[in-house]
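Everything below concerns the one structure shown next.
Read the figures in this text as sums done on the coordinates, not as results from a lab. Values in this document were obtained by computation on a predicted structure and should not be read as measured data. Positions of Cβ are backbone-derived with ideal geometry, glycine not excepted, and every protein chain shown enters the neighbour counts.
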Ligand code: DC
């Protein structure tokens, strides 16, 4: 039986950085489900699909075959045979991913992929609906959050380090819009699962959050 850890929370809470470190520590596979939505969003953008055109979103999403592979333990996202990992981290793709994620067909398409992976492997999977919807029986569930100011500051620094031009206020506004969109959508909205542990990382370092999750794993899971 595989062991599953679910980490949900809003954009920029530090889920991926933390999940990657926990995965390394426990020798689990890290699955970034946001990257799957981003790959579909990239395909929609490349095909000039408009955000308000649900029919075209459904149509084009079906033509986007998303797969995950791992190179040196790093998740790679393959879109119709092309490794698009280097193209999916822009704000434009993130915003389109949040729009595409409201679409029923898009969600259904990715759900199978996510569940199959978790059934086969010990995974730490991050996203918005992992504990509530994708893996309701996950062995350990974390809801990781931080204030929108802290999250915007983190993303701003991240983008600056990559040499990308950015504006702090715009980033915070994007984060607030994206939170609202992810929390208020009809299908599998972002919310804390009843049995998830709430961790607010506003005043915690990355390492403190990682250590906390590793301790929880050993305590709760008896392994
Ligand atoms: O975590 P991220 O920023 O890479 O995610 C991009 C978008 O994908 C996010 O705004 C909402 C959507 N998403 C989702 O709806 N469900 C998930 N499990 C993961 C991401």
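Please go through the range 17-45 and give me each residue that is in contact with a strand residue (DSSP E or B) (Cβ under 8 Å, 6 or more places away or on another chain), within 25 Å of residue 216 (Cβ to Cβ) and within 12 Å of the ligand (Cβ to nearest atom), ordered by number.
19, 31, 32, 33, 34, 35
A quick yes/no check of all residues on (1) surrounded by 12 or more Cβ atoms within 10 Å (Cβ to Cβ); (2) farther than 18 Å from residue 31 by Cα; (3) out of contact with any strand residue (DSSP E or B) (no Cβ under 6 Å at 6 or more places or on another chain):
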| residue | (1), (2), (3) |
| --- | --- |
| 67 | yes, no, no |
| 72 | no, no, yes |
| 84 | yes, no, no |
| 89 | yes, no, yes |
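I'd like to know if the range 5-16 contains one or more residues that are within 16 Å of the ligand (Cβ to nearest atom) and more than 12 Å from the chain's Cα centre (by Cα).
Scanning the range 5-16 turns up at least one residue that is within 16 Å of the ligand (Cβ to nearest atom) and more than 12 Å from the chain's Cα centre (by Cα).
Quick check on residue 118: is it touching a helix residue (DSSP H, G or I) at 6+ places or on another chain (Cβ under 6 Å), crowded, with 19+ Cβ neighbours inside 10 Å and part of a helix (DSSP H, G or I)?
Against the criterion (touching a helix residue (DSSP H, G or I) at 6+ places or on another chain (Cβ under 6 Å), crowded, with 19+ Cβ neighbours inside 10 Å and part of a helix (DSSP H, G or I)), residue 118 does not qualify.
Kindly indicate which of 208, 184 is free of Cβ contacts under 8 Å to residues at least 12 places away in the same chain, within 21 Å of the chain's Cα centre (by Cα) and within 15 Å of the ligand (Cβ to nearest atom).
Step by step, each of 208, 184 is checked, and only 184 is free of Cβ contacts under 8 Å to residues at least 12 places away in the same chain, within 21 Å of the chain's Cα centre (by Cα) and within 15 Å of the ligand (Cβ to nearest atom).
What are the pairs, 6+ residues apart or on separate chains, where a residue within the range 107-118 that is touching a residue at least 24 places away in the same chain (Cβ under 8 Å) has its Cβ under 8 Å from a residue that is in a helix (DSSP H, G or I) and surrounded by fewer than 20 Cβ atoms within 10 Å (Cβ to Cβ)?
Going by the 8 Å Cβ cut-off, the qualifying pairs are 109/62.
Restricting to the range 192-205, and then to whatever is over 21 Å from residue 159 (Cα atoms) and in contact (Cβ under 8 Å) with a residue 60 or more places away in the chain, can you tell me which residue is farthest from the ligand (Cβ to nearest atom)?
Selected residue: 195.
Filter the range 160-181 down to the residues that are surrounded by 13 or more Cβ atoms within 10 Å (Cβ to Cβ) and farther than 17 Å from residue 144 by Cα, then identify the one that is farthest from the ligand (Cβ to nearest atom).
Restricting to residues being surrounded by 13 or more Cβ atoms within 10 Å (Cβ to Cβ) and farther than 17 Å from residue 144 by Cα, the top hit is 168.
Which one is nearest to residue 10 (Cα to Cα), of the residues in the range 68-96 that are over 15 Å from the mean Cα position of the chain (by Cα) and either within 13 Å of the ligand (Cβ to nearest atom) or in contact (Cβ under 8 Å) with a residue 40 or more places away in the chain (or both)?
92
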